[in-house]
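One structure is given here, and the rest of the page talks about it.
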Amino acid sequence: MNASLTGAGRERDLAELAAGNVVDVLVVGLGVTGAGVALDAASRGLSVVAVDANDLAHGTSRWSSKLVHGGLRYLAHGQVGIAYESAVERHVLLTRTAPHLTRPLPMLLAATGYTTGWQDRAAAVGLRAGDLLRTCAGTSRRTLPGTRRLGAAEASAMAPALRPAGLRGAQLSWDGQLCDDARLVVGLARAAAARSARILPRCRATELHRDGATIEDTRTGARLHVTARVVINAAGVWASSLTPHVRLRPSRGTHIVLSAARLGGLWTGLTIPVPGQFTRYVFALPQTDGLVYAGLTDEAVDGPVPDVPEPADADVAFLLDVLNSVLDQPLRPTDVLGAFAGLRPLLADADARTADLSRRHAVIDDPDGIISVVGGKLTTYRRMAEDAVDTAVRRRRLAAGACRTRRLPLPGAASRAQLARVPAPRRLVQRYGTEAVDVLAEAPADLRQPIGPDIPVTGAELLWAARHELALTVDDLLDRRTRIGLVPAHREAALPVARDVLALAADGTANPTGAPA
């Protein structure tokens, strides 16, 4: 099956739709939920069109913590069902659908002068309950080891940046981490396209109807009507702008980007309690590119939903304050290399703080005939998509099989043993799996090197994105297919290479002159 997404394919699909072809399912939104719905429906044999006003993973799905959570936070709020669902979906991602995009991440929860003995004991009980969830979900200790207590010396050895004064030890647990949330969305979209779904970013749905929608190609201004047997609204925080029957209360989550070297070469995640709050934490999460993402905040957002949320100065200051409560060498604002913010599409409850709102999802079949899937979180996207398609099949009496996505690998996926044998650099295998060999093979030699001394991304990755992942602009390349843009200085340095790679992809002949030697 051809899992490539190309500009020529996009134009062909639009031309066929303009001819009046009727499809089974029209999906609005190409974040992780919408891409998951497209794959679920297409894998059941349904004809699918999936549209988005912007690029793949343009919204909330690229602004997450890049964690595949096991549900500990939900246990603390008594939401056992959501916690178990998270643990099951984490298992599916780690072991079946995307082993190449995920990895086990050690997480250190230190006992410091800011925590009391009873808080430390309560946290240990919660982590043990997480171990039980892991076992019930079928995840073995070989995949995610169990929790254990460390003494102060061992905790300091694992995370030298921790302040030794007042350090009484730590709990070491494990969770799942994505190499990149946006790459998960791209993988889902490509897997759906391989099963004949039409994936159409930059096509805005301006009017939704029971039998389809009016679509505007934002690149050309052309408009057409897509006729569909069912419309599934998976537009995330924008879902309520497409139907009056969805009520959401967006919450802003902000992260800051730091150098791992500034944190003593941090390689294990840090879980840091917010002083004075029992069940709220800030995470410092090491990435595979020498960076650390630290977050996150939870602030209600009122008014119109922006296309790209901006981190607030107060959010950045809050994160630095919490981090500095456990660090030996305090971070300064000048240590912040970048910052990003995303909006969670939480189900509305006028009487609750956003931090207390449930992360459950809902599938709404409204009186206008539109099916919306809202709420939820990144880890459980597959279950959300399954529930939405199940509802569509049942309510619209579509001829379709049962859900198959629990065992459907994404492009490049393989067992961890097989991935270890792929003859390509480990960093590429962690992002492209078995396709890492093809990423290098397609690129001229001068594009196979890192773009810069602090930028491990290669020109080969940009070229692959332009040829196979429907990256049509410099922003697509730097801000979503790769995450170079999270550090503005890195983005500026990579701009000439990105421009030249787009030119190379367009003509397919000459090497880009601005590429690194």
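The values are calculated or read from the model by the stated rules, or taken from the named source; none is laboratory data. These figures come from a predicted structure and were not determined experimentally. Cβ: placed from backbone, ideal geometry, glycine included. Neighbour counts: every protein chain shown. Side chains included, ligands, DNA and RNA excluded: accessible areas come from the protein's heavy atoms. Shrake-Rupley method; radii C 1.70, N 1.55, O 1.52, S 1.80 Å.
Against the conditions (1) of a type in the set (F, W, Y); (2) modelled with pLDDT under 95; (3) part of a strand (DSSP E or B), F278 satisfies every one except (3). Of the residues making up the range 23-57, those that are under 22 Å from the mean Cα position of the chain (by Cα) and of a type in the set (S, T, Y) are T33, S43.
Of all the residues in the range 55-80, those that are open to solvent by 40 Å² or more (accessible area, probe 1.4 Å) and not basic (K, R) number 9. Among the residues of the range 131-155, those identified as assigned to a helix (DSSP H, G or I) and more than 31 Å from the chain's Cα centre (by Cα) are A152, A153, E154. Has the range 107-130 got at least one residue that is within 20 Å of the chain's Cα centre (by Cα), outside any helix (DSSP H, G or I) and within 30 Å of G485 (Cα to Cα)? Yes: the range 107-130 contains one or more residues that are within 20 Å of the chain's Cα centre (by Cα), outside any helix (DSSP H, G or I) and within 30 Å of G485 (Cα to Cα).
If I filter the range 241-250 down to residues being of a type outside the set (V, I, T) and touching a strand residue (DSSP E or B) at 6+ places or on another chain (Cβ under 9 Å), which single residue comes out as most open to solvent (accessible area, probe 1.4 Å)?
If we take residues in the range 241-250 being of a type outside the set (V, I, T) and touching a strand residue (DSSP E or B) at 6+ places or on another chain (Cβ under 9 Å), then R247 is most open to solvent (accessible area, probe 1.4 Å).
Among the residues of this structure, R148 does not count as one that is open to solvent by 20 Å² or more (accessible area, probe 1.4 Å) and in contact (Cβ under 8 Å) with a residue 40 or more places away in the chain.
Residue-by-condition table, conditions (1) open to solvent by 50 Å² or more (accessible area, probe 1.4 Å); (2) under 24 Å from G126 (Cβ atoms); (3) charged (D, E, K, R):
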| position | (1), (2), (3) |
| --- | --- |
| F283 | no, yes, no |
| T288 | yes, no, no |
| T297 | no, yes, no |
| D307 | yes, no, yes |
| P311 | no, no, no |
| V316 | no, no, no |
| L320 | no, no, no |
| T334 | yes, no, no |
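The listed residues are A98, A83, A137, and the only one of them that is under 30 Å from A436 (Cβ atoms), small (G, A, S) and touching a Gly at 6+ places or on another chain (Cβ under 7 Å) turns out to be A98. Within the range 164-182, the set of residues being open to solvent by 10 Å² or more (accessible area, probe 1.4 Å) and out of contact with any Leu (no Cβ under 6 Å at 6 or more places or on another chain) comprises P164, A165, G166, L167, R168. Restricting attention to the range 163-190, the residues that are among the small types (G, A, S) and either more than 30 Å from A137 (Cβ to Cβ) or outside any helix (DSSP H, G or I) (or both) add up to 6. Going through (1) in contact with a Gly (Cβ under 9 Å, 6 or more places away or on another chain); (2) surrounded by fewer than 21 Cβ atoms within 10 Å (Cβ to Cβ); (3) part of a helix (DSSP H, G or I) one by one, P160 falls short only on (3). Scanning the range 2-40 for residues that are surrounded by fewer than 24 Cβ atoms within 10 Å (Cβ to Cβ) and among the charged types (D, E, K, R) yields R10, E11, R12, D13, E16, D24. I'm checking my understanding of the structure. Among residues of the range 450-473 that are modelled with pLDDT of 95 or more and in a loop (DSSP other than H, G, I, E, B), which one is surrounded by the most Cβ atoms within 10 Å (Cβ to Cβ)? Taking the candidates together, the pick is A471. Counting only strands (runs of 3 or more DSSP E) that fall entirely inside the range 191-240 and contain at least 2 residues that are open to solvent by less than 60 Å² (accessible area, probe 1.4 Å) and either at pLDDT below 95 or over 17 Å from A8 (Cα atoms) (or both), the qualifying elements are 203-209, 212-217, 223-233.
Filtering the range 284-329 to residues that are farther than 18 Å from S61 by Cα, hydrophobic (A, V, I, L, M, F, W, C), outside any loop (DSSP other than H, G, I, E, B) and in contact (Cβ under 8 Å) with a residue 60 or more places away in the chain leaves L291, V316, L319, L320, L327. Are any of the residues in the range 243-265 small (G, A, S) and in contact with a Ser or Thr (Cβ under 8 Å, 6 or more places away or on another chain)? Checked against the condition, which is being small (G, A, S) and in contact with a Ser or Thr (Cβ under 8 Å, 6 or more places away or on another chain), the range 243-265 yields at least one hit.
Examine the range 269-280 for a residue that is more than 30 Å from D387 (Cα to Cα), of a type in the set (D, E, K, R) and either open to solvent by less than 50 Å² (accessible area, probe 1.4 Å) or out of contact with any Lys or Arg (no Cβ under 7 Å at 6 or more places or on another chain) (or both), and state whether such a residue exists. Within the range 269-280, not a single residue is more than 30 Å from D387 (Cα to Cα), of a type in the set (D, E, K, R) and either open to solvent by less than 50 Å² (accessible area, probe 1.4 Å) or out of contact with any Lys or Arg (no Cβ under 7 Å at 6 or more places or on another chain) (or both). May I ask you to verify whether G264 is open to solvent by 10 Å² or more (accessible area, probe 1.4 Å), more than 30 Å from L132 (Cβ to Cβ) and touching a residue at least 12 places away in the same chain (Cβ under 8 Å)? So G264 passes the test. When D507 is tested against the conditions (1) open to solvent by 30 Å² or more (accessible area, probe 1.4 Å); (2) at pLDDT 95 or above, the lone failure is (2).
Within the set of pairs 6+ apart or on separate chains, which have a first residue in the range 74-99 that is over 11 Å from R406 (Cβ atoms) and in contact (Cβ under 8 Å) with a residue 60 or more places away in the chain, a second that is crowded, with 18+ Cβ neighbours inside 10 Å and aromatic (F, W, Y), and C-beta atoms under 7 Å apart? Correct list of pairs: I82/Y74; S86/Y74.
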